[in-house]
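I have placed the structure first, in the form of structure tokens, so that the comments after it can refer back to it.
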Amino acid sequence: MPKVARCPPVIPCTFNAYSCSSFVTQPQAQTVFDYCVERGFGDVHRLDGDNDGLACESLPGGFTMLR
Ligand SMILES: [Ca+2]
């Protein structure tokens, strides 16, 4: 099941390494969120507290400004 990446992973998914305050913009948080979710770790950093698939909606530059 673990996929061997061509490059070593730069985003840790095995422990809670980030919080929303670790990021400046929502897309940054979303990238980390998606990265770990796609690898089956889920929301290990707890960036999506309301489980709607959007990480750290409170950060600027994200989808909340568009809807
Ligand atoms: Ca959310």
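Starting with the fewest neighbours, write out PHE15, PHE33 ranked by other beta-carbon atoms found within 10 Å of each beta-carbon. Don't skip to the end; give the middle numbers.
Working: PHE15 8, PHE33 25.
The most exposed by this proxy come first: PHE15, PHE33.
Arrange LEU59, LEU47 by Cβ neighbour counts within 10 Å, fewest through most, would you? Could you put the intermediate results ahead of the total?
Details: LEU59 19, LEU47 25.
Result, fewest neighbours first: LEU59, LEU47.
What is the distance, in nm, between label points placed 7 Å from the Cα along the Cα-to-Cβ direction at ASP52 and at VAL24?
In this crude spin-label approximation the distance works out to 2.6 nm.
Laboratory data are not the source of any read-out in this text; all were calculated from the coordinates shown. Keep in mind it's a predicted model, so treat the numbers as computed, not measured. No Cβ is skipped: glycine too gets one built from the backbone with ideal geometry, and neighbour counts run over all protein chains shown.
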